[in-house]
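Here is the structure we will look at, set down as structure tokens.
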Amino acid sequence: MTDTLFPELTVPRNAVTGELYLGKSIDRLILAQCRQGYSGGGWAGFHQWITAGRIVRKGEHGTHCVTVVIVEKNEHGNGKRKPKGFVVFHRDQTDELGGQRESFES
């Protein structure tokens, strides 16, 4: 936790892929960053952190986000849009995986 009202805010970015989060996910992630005092804007899903050599600490709660996926494309390339939820964790909620990596891959 920082001792300032707002930690240094950065645009939320997936720490593994480098992609920026979009839409309402930005609001949710910045709000979580401010409330929890997380440093920086590095977020990723549970399994993404494992592939990056980190593990989410037991008892940590993720931040729920929403994206839009296109389903049932027609011949013009247009399709119905459907919201899809996902959960991400901030880097400050993780630890280095260390020698336990094999137990998570099996």
- Message: Give all pairs with beta carbons closer than 8 Å in which a residue from the range 76-94 that is aromatic (Phe, Trp, Tyr) meets a residue that is assigned to a strand (DSSP E or B); count only pairs at least 6 apart in sequence or on separate chains.
- Response: 86/64; 86/65; 86/66; 86/67; 89/43; 89/44; 89/56; 89/63
- Selection status of residue 32, closer than 17 Å to residue 96 by Cα and of a type in the set (A, V, I, L, M, F, W, C): no
- Have a look at 45, 40 and point out the one that is within 23 Å of residue 18 (Cα to Cα), modelled with pLDDT under 95, of a type in the set (Gly, Ala, Ser) and under 20 Å from the mean Cα position of the chain (by Cα). 40
- Item | Residues located in the range 51-75, provided they are of a type outside the set (A, V, I, L, M) and touching a residue at least 40 places away in the same chain (Cβ under 8 Å) | 53, 54, 65, 67
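The values are calculated or read from the model by the stated rules, or taken from the named source; none is laboratory data. Keep in mind that what you see is a predicted model, and the values were worked out from it rather than measured. Ideal geometry is used to build each Cβ from the backbone, glycine not excepted, and the neighbour counts take in all protein chains shown.
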